[in-house]
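One structure below.
Only the coordinates and a few stated rules stand behind these numbers; no lab work does. This is a predicted model, so every value here is computed, not measured. Because the Cβ atoms are built from the backbone with ideal geometry, glycine has one as well, and the counts that use them run over all protein chains shown.
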Amino acid sequence: MSNLVHEEEMAIDSSGTEAGKQSVSLGDVGDIRPVPRITLQAFCETDQVADVLNAAANDRRMVKAHVKVNMGGISAAAEFYEIAPTPNLIVVESMLSGEELMADLARLANNCDGETKVVVIGHKNDISLYRELISSGVSEYLVAPLTMADVMNTVSDIFVNPDKGALGKIVAFIGAKGGVGSSTICHNVAWSISNNFKSDVMLADLDLAFGTANINLDQDPTMGIADAVFSPERVDDILLDRLLAKCAEHLSLLAAPSTLERTYDFDPNAFTNVLDVAQRSTPVVTVDLPHQWNGWTKQILSTADEVVIVACPELANLRNTKNLLDTIMDLRPNDQAPRLVMNQVGVPKRPEIAIPDFVGPLGIEPSAIIPFDPALFGTASNNGQMISEADAKHPTSEIFNVLGQILTGKAELKTEKKSALGFLSKLKRKRG
């Protein structure tokens, strides 16, 4: 029962201002699952609740839902649906309780289709009322004031089928500059998650022209991501399974064609259906994005559950990382900042920006710092191996393990900071 049990009832300030600001607070959105393609219509009595619903409607997790917020409460809803079809979900706010509330809901129920769900937002913190509403067929009863997380959690819980398990997490990797090793980091993290947690991982290589995932994982698939993106209407779980190359027990690859036989110009939502299907069937989907800025890369970065920016410690990388961070955070105002991985740190004779000086203007700490080691990475690449396959005891292998823990929510960032900075300090001592 979301947001119902309080120490005491919280008053609504009808004058707006401070109470209004509190009513659109974000709340804990950490594990909210994206809402599927539903229609949601709300009928509110207070501006505060309307503001929360409107704010939730603009969150990336609600991007597939069609949301319309109206004023007027239950009476307006009952009147409206006398002549209009009901949506998947109706959210109504009411100041009433007891028999008056139940009478209003009975009027609404007379005009609802059998499959329509109803959520009631009230202002009475009453456990007996809650039980009565649930027993009457109401999907949930929330007590105002609400946060966005209350709304999104409730909608997600109603429409994401628990029998199919939680939707998978999409982790998108992008380089701040070409050649910084973003693809290598993405591939190794995917392998680490699948190997360490025995959890299925799908690696989607979206660098269709120059993708290297098939080489790095020693695969030669005849089909891949191109077969899905050029026929989006055909994509379902069955087709996706046919397109995947099995790389390990828990790791599958949706490979890029890596050919120049055609150009790969797509509209912004070209990969949406493919990733939707992938997310429904796999706990973790790692997406290897090419270093380019267009509609579809922007769309994927705006909707992914986690974004990882890979950068090297030099000036152009700093500028590009700053631009990426600012843009992505504008696209995702209710999410944490993207993760930063510093790669190829300590190249001999290369002037570098010190890590503290690099991250200072960005306002974030690196989740991992990976030392420059051409022998290790070169050998693994030439052999079609991941770093942990080439040398499981190498310190860099442990960095990928911890980074995988962070991205799957199995480790705190604080632990990773200590680990990454520890490797950096060792590197400095070697160089000194």
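For the reader, a short list of remarks on this structure follows.
- GLN336 paired with VAL63, simple spin-label distance in nm, labels 7 Å along Cα-to-beta-carbon: 2.0 nm
- Residue pairs, from the table LYS298/LYS349; LYS177/LYS298; LYS169/LYS410; LYS198/LYS410; LYS322/LYS410, whose Cα atoms sit over 25 Å apart: LYS298/LYS349; LYS322/LYS410
- Fraction of antiparallel bridges per DSSP, the chain only, in percent to nearest 5: 5 percent
- Label point of LEU260 set 7 angstrom out along Cα-Cβ; within region 211-246, amide nitrogens under 15 Å from it belong to 211.
- Relative contact order of region 17-163, defined on C-alpha pairs under 8 angstrom at six or more residues apart (%): 31 percent
- Chain lengthening between SER231 and LYS322 when straightened (0.36 nm per residue, less Cα-Cα): 29.2 nm
- Under the convention that each Lys and Arg Cβ holds +1 and each Asp and Glu Cβ holds -1, the size of the dipole of the chain around its Cα centre is about 2200 debye.
- Annotation: peptides 112-123, 238-249, 270-281, ranked by per-residue average of other Cβ atoms within 10 Å with the highest first, follow the order 270-281, 112-123, 238-249.
- Global form of region 17-163, assessed from the alpha-carbon gyration tensor, a/c cut-off 1.5: rounded
- Principal-axis tilt of helix 315-331 within the chain, Cα atoms, nearest 10 degrees: 20 degrees
- About the centre of its Cα atoms, region 267-386 shows a dipole size close to 180 debye [charges on the beta carbon of Lys, Arg (+1) and Asp, Glu (-1) only; nearest 20 debye].
- Crossing angle, helix 413-431 versus the chain [Cα axis fit, 0-90 degrees, rounded to tens]: 20 degrees
- Using a cutoff of 8 angstrom between alpha carbon atoms and counting only pairs six or more residues apart, the relative contact order for region 168-431 works out to 25 percent.
- Note on region 139-279: dipole from Cβ charges, positive end direction compared against PHE197, GLY168, ALA226; the farthest Cα belongs to PHE197.
- With Cα atoms, 0 to 90° folded angle of helix 47-57 axis to the chain main axis: 40 degrees
- Spin-label zone in region 33-47 - amide nitrogen under 16 Å from a point set 7 Å from the Cα of MET71 along the C-beta vector: 42-47
- Ranked by the mean number of other Cβ atoms within 10 Å per residue, highest first, peptides 182-195, 68-81 order as 182-195, 68-81.
- Most tightly packed first, judged by the mean number of other beta-carbon atoms within 10 Å of their residues, the peptides 369-379, 39-49 read 39-49, 369-379.
- Placing dummy labels 7 Å off each Cα toward the beta-carbon, the span from LYS298 to ARG107 is 4.6 nm.
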